[in-house]
Amino acid sequence: MSMKKRLLAVAAVSALTVATAVPALALENEFHGLFRLRGIIDNFNNGTGGKFTPSVSSPTSNYIEQRARLMYIAKANDDLKLVTHFEIDSRWGDNSYGSNGTTRNNGGAIGADQTNLETKNIYLDFNIPSTPLNVKLGIQGFDDGYKGVIFNNDGAGLVAKAKMSFGSLGGAYFRFDDATTGTGAAATATAPASFTNSYLGVPASSTTAGSVIQNSTPGYLTRDMVNLNAKINISKAVKVGADYYLLYSDVLRQSQDKTAINMFGVNAEAVAGPVTIDGFVLYQTGKLGTTAFPGNAQKLSSLAANVGAKAKLGPGTLRANALYLSGERSTSGSTRHDFQTIDERSADTPAHAFYPSEMQIMLRNKFNMTSDRAVVMDLNNSGQGLLGGFVGYDLAIDKFFVNSNVGFGAVARDTTGTHKGDYLGTEINTEVGYKLFDNLTTSVQAAYMVLGDYFKPASGSWPVNPYTTKLQVNYSF
Amino acid sequence: MRKIAACLILLLSFVYVTVGEAAVIKAYVSEFSVTGGQNKDELKGILQTLLTTRLASDAVTTLDNKTGAEVIVSGSYLQIGKVFSIDAVARNGRGDVVTRSFVQGESQDELIAAIGKLAQVLAEGIAKNYGLTASSQPAATAAGVATVPVVAPPADIVRPAEIQKPSPAATSADTATTSEIIRPTPVVKSAGGGWVSQRLTGVMSGIALGRTLDNGEREVFIAGNRTLKYYRMGEGLKLIAEVGTSGDEKILGVDTADLDGDGVQEVYLTVLSGETLVSRVYLADGTGLKKIAENLPYFMRGMALAGGKKKIYVQQMSTDADFYGDVYELVKSGDRYEMKNPLKLPRFAFLYNFNQFKDREGKTDFVVLHPDGYLLVYSAARDELWRSNDKYGGSELYFQRPDMSNFRTTGDTMRWIFLQQRIVVTGDGEIVVPQNGGFWVIGNSRSYGKSAVVAFAWDGSSLEERWRTRQGQNYLADYAFDEARKELVLMEVVKKEGLLDKGASALYIKKVE
């Protein structure tokens, strides 16, 4: 018997052993879900996602979009469950019967019938018997421990976590991409436009489309992420964490150097009376393969840092967050200092976010659905980084709530040097809502951003300041 | 022609005389006694009707009343868990046993078929033995004959006589019984027979009992999400005082205990403000509620572990864990409160879902409500010994904490943490557990519509049901067990909160006889 066959046999026997060792209990079914509807009137959204670039002409849009999510969890026993999660998005009036040739995010037009069910998560969640180890295996969401600035998305991978007396130890592996599965990659032998540096975790500004992929062997051209982490509970009020992340990509190995970014981070949270303070520091080093330097990858030295606080103040809660992501004045040098972010295959579809800012225009908002837009969509911000300060106040009186925020943003480095200033602008926003039922909330949201000197034109009229108003209904269970 | 007519008349006369001489036995089935199970009152009449109709045969006819009856059939229905046993005895006019028999089944689905089999056996026994008893044959002989036809196979079902008392502690609970282990009288009165308070505005979530006054009235403390009400319970509920919470504070529980031993029970109110526990303690002086401590960073619950003295136990909250670390006993030292005597809990247990009981060997075991509702028993070494097949507990009371790390998955900025029903262990070793059920429970949406309270005893291997209340049509929010009076004081939500409606609650008292 070959080694491979032996391994298969051992794996099969192990699987059977585990299966038969499971107590014969009835399957426990668990359901969760979400329905969110947003009516939007603004000059900011356009029914799709992507980076918003202010302009002198910003037409007013008005439309309604909705999202439904259904999660079914099949619990075989206390230590084993299968988690499945599905999503259906539509914009009222968009399409039906597949007539526009697309499937996802459709089905809101007359007739409605549409193949539009998306599979968001499917993974096994199980505990290893007689150990403190929990494993999640499959397509799942991931919490990076750094407020989402590294990776805040779904992916296929393995996440393991062991609860220890002092806190926890964990690790994760995700395969973000396998080039042979990329649209058009094998068929055309040419990378699609999205197979660019941005796809590897490098800003869109340095992208070069059309790189050649000549190997269709699965696993040969991949983008992967590895994480090792430890969390220590110093007390019930103080905890610290440390992480190592490796972002690796050789998708474009045949046209440029491999990318291997090592990331070292620490985070902490402490509660002192009515005040909670948290924050993190992330340092990136390693090499960045780009077509600009074939055979001689750029070196990387970049930084991200955050400090946040919230405290009871009067009848509500005061929140504050400051975020810094380093930028690079010239992305063509041998060393890069702009903080590298992870995007999906589309260069302008971030797989990260900084939701604690609670911005609605400047940065991505947590409630965004298909209309996921922001002035700073990718926190790398085209290599310019970000320096932001955000303050908010949440007030809840019985079933009423008011959440108000003000945010200030600037680029950390003006890459082109052509702008009149670094200041992106000031956003003020508010959300006023009422809990109709425990699970059903309705709210009105409004935001306005005063553009800063970064958008000041060399001549002529200023771009129009963006605004947005939304009526939202949110039901979750 | 006359000859033919005469023959027919003679033939008819012969037939009439023959039928008249067949001696059809007139039987009356009296109302059954019912022990265990649900809907006991209805079951009494249903069983009587079922057996009456099925007992009728060529040899036995059944009457609607006792008048003229030659045989009186009396029966009893006993249910333990899902297993039931129906025992019936037929006696003649002198009270001699004509025949007796029983049938058993493992679920209600088998009830009607079992009645049919029982009727068949009884009818045969009556037809066979009535003449013998009528001619002064010893009743024992007839009974001995009648016990032969056992309908249900006896090997795989529990017969009442085979039931062992679960523990010495539990044995003392049965001193009032004689031949049967399970109490022969239904534990609680019917819905119309118990005490019901006036309708209270609002959905209430917690209840605790205070002192019993000289005039027999009792102090009762009832908590809603944002209010604590101090009542005196006599003929009705009389509101003495009320305090509220402010801002985003939510009340998660109310309990009473006399921690300083001054004879007056303090009122312990668990309050959460945002993510901070700001629990407080009041003293009820007969006219109002005086706050004697506040901003205590604990979840608090009053429990009599293993049926011992009632104390207040606490657990903390951390930045990560909703229920952090061990459970501690809250000790009052002067004006200060501090945590002492940590108790390490078994898996799935936290402050609000466990209690302890003593087993036969005197070891202290744990009883825990699993997150999915199953009742778990752990040994003193925290090893799982048993889990129920049915679900118990169930609470609509919850608190929320921000959970942005899972927002992408849940779509909810908050994590929902549901509390659980209290488990009471009596001094007799009975384990009292509520059972909410009904409408539906999906994810974080919970809406219970039925409830009962069930008592168990540990027999060394499993929890055996000892009694249960009749199922009510309301969600049971919380309850207290007045062991001195043997009364269950139930806080039920009689009308759910609506968009413009605050809902309503009511207090029920059910006597555990």
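The values are calculated or read from the model by the stated rules, or taken from the named source; none is laboratory data. A quick note: this is a predicted structure, and the numbers were derived from the prediction, not measured. Every residue, glycine among them, receives a Cβ derived from its backbone with ideal geometry; neighbour counts consider all protein chains shown. Ligands, DNA and RNA are excluded from the accessible area calculation, which covers all protein heavy atoms including side chains. Shrake-Rupley method; radii C 1.70, N 1.55, O 1.52, S 1.80 Å.
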Chain A - accessible surface per residue (Å², probe 1.4 Å): 43
Given the options A:Ser130, A:Gly219, A:Tyr72, identify the residue whose Cα lies farthest towards the positive end of the charge dipole of chain A (+1 on Cβ of Lys, Arg; -1 on Cβ of Asp, Glu). A:Ser130
What is the gain in length, in nm to one decimal, between B:Ala381 and B:Ser246 on full extension, counting 0.36 nm per residue of separation less the C-alpha to C-alpha distance? 44.3 nm
With n ≥ 4 as the cut-off for DSSP H runs, can you work out [θ] at 222 nm for chain A, using -39500 (n - 2.57) per run divided by the number of residues, rounded to the nearest 500? -1500 deg cm²/dmol
Given a Förster radius of 35 Å and the C-beta distance between B:Ile292 and B:Val196 as r, what FRET efficiency does 1/(1 + (r/R0)^6) yield to the nearest 0.05? 0.60
Taking the Cα-to-Cβ direction at A:Ile234 and at A:Phe437 and moving 7 Å from each Cα, how far apart do the two end points lie in nm? 4.5
Size of electric dipole in chain A: Cβ of Lys, Arg +1 and of Asp, Glu -1, about Cα centre, debye, nearest 20: 660
Under 28 Å from the Cα of B:Lys82, which lysines turn up, not counting those fewer than eight places away in the same chain? A:Lys75, B:Lys40, B:Lys44, B:Lys117, B:Lys165, B:Lys189, B:Lys358, B:Lys391, B:Lys450, B:Lys486, B:Lys510, B:Lys511
Cα-based equivalent ellipsoid of segment B:266-389: semi-axis lengths in Å, sorted from largest, via gyration tensor: 29, 17, 13
Could you list, in their original order, any pairs among B:Lys238/B:Lys309; A:Lys120/A:Lys161; A:Lys163/A:Lys231; A:Lys236/B:Lys309; A:Lys120/A:Lys231; A:Lys51/A:Lys258 whose Cα atoms are separated by more than 18 Å? B:Lys238/B:Lys309; A:Lys120/A:Lys161; A:Lys236/B:Lys309; A:Lys120/A:Lys231; A:Lys51/A:Lys258
For B:Leu500 and B:Lys391, FRET efficiency with R0 = 35 Å and r from the beta-carbon atoms, rounded to 0.05? 0.60
Quick check: residue separation of A:Arg175 and A:Ser404 times 0.36 nm, minus the Cα distance between them. What number comes out in nm? 78.6 nm
At a 1.4 Å probe, what is the % contribution of carbon and sulfur to the accessible area of segment A:27-476? 62
Classified through the alpha carbon gyration tensor (a ≥ b ≥ c as square roots of its eigenvalues; rounded if a/c is under 1.5, else prolate when a/b is larger than b/c, else oblate), segment A:249-357 comes out prolate
Exposure ranking of B:Glu242, A:Glu30, B:Glu329 by accessible area [1.4 Å probe, largest first]: B:Glu242, A:Glu30, B:Glu329
Compare each residue of segment A:52-86 in its chain alone against the assembly with all protein chains, and report those whose accessible area goes down by 50 Å² or more; 1.4 Å probe, heavy atoms. A:Asp78
Can you give me the solvent accessible area of A:His337 with a 1.4 Å probe, rounded to the nearest 10 Å²? 80
If the cut-off is 13 Å between C-alpha atoms, which aspartates and glutamates fall inside it for A:Lys299, apart from same-chain ones fewer than 8 positions away? A:Asp257, A:Glu328, A:Asp338
Phi-based couplings in Hz for segment B:244-259 (Karplus 6.51, -1.76, 1.60; Gly and Pro marked x): x, 10, 10, x, 9, 6, 10, 7, 10, x, 9, 8, 10, 6, 9, 7
Once both label points are put 7 Å beyond Cα along the C-beta direction, the B:Ala59-B:Arg485 separation in nm becomes 5.5
Positions from segment A:357-372 whose accessible area shrinks by 20 Å² or more when the full protein complex is built, not the chain alone, probe 1.4 Å: A:Lys366
Do any residues of segment B:395-436 lose at least 40 Å² of accessible area when the full set of protein chains is present rather than just their chain alone, and if so which, with a 1.4 Å probe? B:Tyr398, B:Met404, B:Ser405, B:Phe407, B:Arg408, B:Thr409, B:Gly411, B:Trp416
Residue-ordered couplings for segment A:272-282, obtained by feeding phi - 60° into the Karplus form 6.51 cos²θ - 1.76 cosθ + 1.60 and rounding to whole Hz (Gly and Pro as x), are 10, x, x, 10, 10, 10, 9, x, 7, 9, 10
Can you give the FRET efficiency for A:Leu80 and B:Asp320, using 1/(1 + (r/R0)^6), R0 = 41 Å, r = Cβ-Cβ distance, to the nearest 0.05? 0.95
Between A:Thr102 and A:Ala272, what is the label-point separation in nm under the 7 Å Cα-to-beta-carbon projection? 5.0
Using the heavy atoms of the protein chains alone and a 1.4 angstrom probe, what is the accessible area of segment B:354-513 per residue in square angstrom? 35
When the solvent-accessible surface of protein heavy atoms is calculated with a 1.4 angstrom probe, in what order do A:Lys420, B:Lys309 fall, highest first? B:Lys309, A:Lys420
Extent of chain A along each principal axis, from alpha carbon coordinates, in Å, largest to smallest? 78, 60, 57
Read phi for every residue in segment A:433-440 and hand back ³J(HN,Hα) as whole Hz from Karplus 6.51 cos²θ - 1.76 cosθ + 1.60, θ = phi - 60°, with x for Gly and Pro. x, 9, 8, 5, 9, 3, 9, 10
Where does segment A:70-138 land on the Kirkwood hydrodynamic radius, alpha-carbon pairs, in angstrom? 14.0
Counting only protein heavy atoms and rolling a 1.4 Å probe, how much accessible area do B and A lose on contact, total for both sides, in Å² to 100? 3400
